[in-house]
Amino acid sequence: MATPENARRFVTLAAAALMVLVGSACGNGADAGSTGDTASFGGPPTATAPAKASTPARPKTITSACKLLPASVVVKVLGGSSETNLKANEAPVEEKETKRYSCGYEDNDREALSLIVTAYPDRADTVKETIDAIAKSSEARTTRIDGVGADAVSYVTDGARVLALALPYETDLRLAILTGPSIIPQNKLAELGKQLASRL
């Protein structure tokens, strides 16, 4: 089965290239810990309703990737068998020019999905340019995804499906990259992107 590790290596390179595009920004140190977020698959996939009014408000400051897309939301969108448990694990925060928050979604110690989230200060007006840069850097056949954030692109590379989405928050640009096995249908990853964008 394809794993997202190879795609994550590419995403890291793309994010580094993106830093050149969006410029540098300042950040403060922060520690990350496990969210302990675990969800069980409760049967076959079900239709997912649009985000409800009870959806958490978009946070003023991003402090966690796993909190933006809980394992329970992933389970609701993707479905699965009764034997499958999904656990969301927050990775330590990476900090260079900006902070990068990462969450790995594991099923029986095997990573099923990963999420990387970054906020770029004073770049709210670079949404299209950012997604264009990611699409170009992918060197893959890409598909623009409507209705996911302010702009989004999806592609398959090294056996993994990637969805990159961006949207402004006040003066910041918020960028999220979801990576999972290519067997995940594009529409399902897009639905996860919609759920994520409503919290991002």
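The values are calculated or read from the model by the stated rules, or taken from the named source; none is laboratory data. Model, not experiment: these values are computed from the prediction. Neighbour counts run over all protein chains shown; Cβ positions are idealised from the backbone, glycine included. Ligands, DNA and RNA are excluded from the accessible area calculation, which covers all protein heavy atoms including side chains. Shrake-Rupley method; radii C 1.70, N 1.55, O 1.52, S 1.80 Å.
Here are the numbers:
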| item | result |
| --- | --- |
| Flag for Pro56 being at pLDDT below 90, open to solvent by 40 Å² or more (accessible area, probe 1.4 Å), of a type outside the set (A, V, I, L, M, F, W, C) and touching a Lys or Arg at 6+ places or on another chain (Cβ under 6 Å) | yes |
| Scope the stretch 63-87; condition under 20 Å from Ile183 (Cβ atoms) and at pLDDT 95 or above; matching residues | Leu69 |
| Those residues of the stretch 70-82 which are open to solvent by 30 Å² or more (accessible area, probe 1.4 Å) and in contact (Cβ under 8 Å) with a residue 40 or more places away in the chain, in sequence order | Leu78, Ser81, Ser82 |
| Residues that are open to solvent by 20 Å² or more (accessible area, probe 1.4 Å), touching a strand residue (DSSP E or B) at 6+ places or on another chain (Cβ under 7 Å) and modelled with pLDDT under 95, drawn from the stretch 170-183 | Ser182 |
| Failed criterion for Ala133 (all others in (1) over 14 Å from the mean Cα position of the chain (by Cα); (2) under 20 Å from Ser64 (Cα atoms) hold) | (2) |
| Residue within the stretch 102-110 that is open to solvent by less than 40 Å² (accessible area, probe 1.4 Å), modelled with pLDDT of 95 or more, under 20 Å from Lys60 (Cβ atoms) and assigned to a strand (DSSP E or B) present | yes |
| Single residue of the stretch 87-96 satisfying the filter (in contact (Cβ under 8 Å) with a residue 40 or more places away in the chain and out of contact with any helix residue (DSSP H, G or I) (no Cβ under 6 Å at 6 or more places or on another chain)) that is nearest to Val75 (Cα to Cα) | Lys87 |
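Residues checked against (1) touching a residue at least 60 places away in the same chain (Cβ under 8 Å); (2) surrounded by fewer than 17 Cβ atoms within 10 Å (Cβ to Cβ); (3) in a strand (DSSP E or B):
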site: Ala112; (1), (2), (3): yes, no, yes
site: Asp125; (1), (2), (3): no, yes, no
site: Ser137; (1), (2), (3): yes, no, no
site: Asp146; (1), (2), (3): no, yes, no
site: Gly149; (1), (2), (3): no, no, no
site: Val156; (1), (2), (3): no, no, yes
